[in-house]
Amino acid sequence: MIATIAGKELKSLFASPLAWLVLTAVQLIAGFVFLKKLDEFLNVQSQFVQLASPPGVTQLVIAPLFFSGAGLLMFATPLLAMRSIAEERRNQTMVFLTSAPVTMTQIVLGKFAGLMAFIALIVALIAAMPLTLSASTRLDYAHIAALVGGVLLLAAGFAALSLYVSSLTTHPMAAAFGAFALLLVMLSLGDAAVDGLQRDGWAAPAALLQVFSPLRNFEPMIAGIVDTSAIAGSLLLVAFFLTLTVRRLDARRLRG
């Protein structure tokens, strides 16, 4: 049943002009960043000849590309998720789904999976850009895999948060702006709070708060490091907001 709901969600995204507009805009900007970073790398490459272990195209071109991709997804994900629940509630179609013999958890997981499938397509297209260099230079495929996994985990957190905000309102644009504002708060205040707690020696509260700082959990992946604590933090963030979404919709269904 989760797969059926995910397929319906993905199909509705492909039928949406906004989703295609977001996909096109992200690819155009990412393509521009990729070409700009590649041009900068080619201009400074000769200066690395004397270095024993010079940075390669993966560190100087591909990692910045994925970092920019993460920033683009922070804007794109709330736009893609805003209609998932808010629009269904506004059009009174959510009642058909909630009255079907499925649990609220299955509905939320299905919508999340459909949204993530579309986001995975965006990430795959971004990853395809540097792979075009594979015939002419040596690529660090392990580092690229870490970057792809890190961006997907980061986007999963964005998607779970955006679905939760979408469940709070019947206005899709309000859901998009609300999700984006909450992401900004988490990225700015979360980082500052974690740094403050670490300086004061509060290691355990800092580690707990780091769950709500998705960009900090993404930082090890940018360096090509597979940090299990950062992965666990990202997964906990996803589980936290999906659970909130289920409880929110369950409460509304009980109220009728």
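When peptides 160-166, 136-142, 213-219, 13-19 are ranked by their average number of other Cβ atoms within 10 Å per residue, the highest-first order is 160-166, 213-219, 13-19, 136-142. The value of relative contact order for the chain, using C-alpha pairs under 8 Å at least six residues apart, is 25 percent. Ordering Ile107, Ala192, Thr137 by the projection of their Cα atoms onto the charge dipole of the range 81-219, which places +1 on the Cβ of Lys and Arg and -1 on the Cβ of Asp and Glu, puts Ile107 at the extreme positive end. Charge dipole (Cα centre; +1 on Lys/Arg Cβ, -1 on Asp/Glu Cβ; no other charges) of the range 32-120 amounts to roughly 240 debye. In plain terms, if you count all Cα to Cα distances in the chain and split them into 10 Å steps from zero, the share in each step is 7, 28, 31, 22, 9, 2, 1, 0 percent.
Annotation: lysines with alpha-carbon distance below 21 angstrom to Lys11 (same-chain offsets under eight excluded): Lys111.
Look at the dipole of the range 199-256 built from charges on Cβ: of Leu237, Leu249, Phe212, the Cα furthest out on the positive end belongs to Leu249.
Mean projected area of the convex hull spanned by the Cα atoms of the range 129-256, taken over all viewing directions: 10.3 nm². Volume per residue of the convex hull around the Cα atoms, evaluated for the range 15-59, comes out as 52 Å³.
Applying a DSSP loop filter and a limit of 12 other Cβ atoms within 10 Å to the chymotrypsin sites (Phe, Trp or Tyr not before Pro) in the range 72-130 leaves nothing. Rounded to the nearest whole angstrom, the semi-axes of the ellipsoid equivalent to the range 153-196, taken from the Cα gyration tensor as √(5λ), stand at 22, 12, 7, largest first. Within the accessible surface of the chain, defined with a 1.4 Å probe on protein heavy atoms only, the carbon and sulfur portion equals 69 percent.
Dividing the summed helix terms, -39500 (n - 2.57) for each DSSP H run of n ≥ 4, by the number of residues in the chain produces a 222 nm estimate of -27000 deg cm²/dmol to the nearest 500.
The charge dipole of the chain, taken about the Cα centre with unit charges on the Cβ atoms of Lys, Arg (+1) and Asp, Glu (-1), comes to about 900 debye, rounded to the nearest 20. Cα convex hull, the range 65-132: 88 Å³ per residue, rounded to a whole number.
Computed with a 1.4 Å probe over protein heavy atoms only, the accessible surface of the range 167-256 comes to 55 Å² per residue. Normalised by residue count, the range 1-127 yields a Cα convex hull volume of 103 Å³ per residue.
Surface exposure of the range 1-132, expressed per residue as accessible area with a 1.4 Å probe, stands at 49 Å².
The values are calculated or read from the model by the stated rules, or taken from the named source; none is laboratory data. Model, not experiment: these values are computed from the prediction. Using ideal geometry, Cβ is built from the backbone for each residue, glycine included, and neighbour counts are taken over all protein chains shown. Calculation scope for accessible area: heavy atoms of the full protein, side chains included, ligands and nucleic acids excluded. Shrake-Rupley method; radii C 1.70, N 1.55, O 1.52, S 1.80 Å.
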